[in-house]
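Participant: Input: one structure, supplied below.
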Amino acid sequence: MAINFAGFFYDDAGAVLTGKTINLYARGTVTPVIDTTTTDASGYWAIAEGTQGRYDAELVNGTTKRRLKYD
């Protein structure tokens, strides 16, 4: 069974971040990238991972990076 990770990303002013890269990592790591996707026109992104565990989803917006943690 796949585990789904999903969310929306906005900038600090609340504007949608479109076409930004989302990387999925094992919790607390920066390599290797397990999976990657991009945000759509509404800022939505989704990744399906087959292995249960603890993960970090990282939004890359130029030189700025934000992380969400999933248990």
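The values are calculated or read from the model by the stated rules, or taken from the named source; none is laboratory data. Model, not experiment: these values are computed from the prediction. Cβ placement follows ideal geometry from the backbone for every residue including glycine, while neighbour counts extend to all protein chains displayed. Just so you know, the surface numbers come from the protein's heavy atoms only, side chains and all, with ligands and any DNA or RNA stripped out. Shrake-Rupley method; radii C 1.70, N 1.55, O 1.52, S 1.80 Å.
Participant: Is it the case that residue 12 is open to solvent by 80 Å² or more (accessible area, probe 1.4 Å) and either of a type in the set (Gly, Ala, Ser) or out of contact with any strand residue (DSSP E or B) (no Cβ under 6 Å at 6 or more places or on another chain) (or both)?
Facilitator: When the stated conditions are applied, residue 12 passes them.
Participant: Scan the range 39-57 residue by residue and report those that are closer than 18 Å to residue 14 by Cα and either exposed (fewer than 13 other Cβ atoms within 10 Å of the Cβ) or acidic (Asp, Glu) (or both).
Facilitator: The answer is 40, 41, 42.
Participant: For the range 20-37, how many residues are under 16 Å from residue 65 (Cβ atoms), open to solvent by 40 Å² or more (accessible area, probe 1.4 Å), touching a residue at least 12 places away in the same chain (Cβ under 8 Å) and out of contact with any Phe, Trp or Tyr (no Cβ under 7 Å at 6 or more places or on another chain)?
Facilitator: 4
Participant: Could you tell me how many of the residues in the range 58-71 are farther than 17 Å from residue 39 by Cα, open to solvent by 60 Å² or more (accessible area, probe 1.4 Å) and part of a strand (DSSP E or B)?
Facilitator: 1
Participant: Further, regarding this structure: Please specify each residue of the range 1-30 satisfying the condition of being part of a loop (DSSP other than H, G, I, E, B) and either at positive phi or among the aliphatic types (A, V, I, L, M) (or both).
Facilitator: 1, 2, 13, 14, 15, 17, 19, 28, 30
Participant: Then there's this: If you check residue 6 against the conditions, is it under 14 Å from the mean Cα position of the chain (by Cα), touching a residue at least 24 places away in the same chain (Cβ under 8 Å), open to solvent by less than 60 Å² (accessible area, probe 1.4 Å) and under 15 Å from residue 70 (Cα atoms)?
Facilitator: Criteria met by residue 6.
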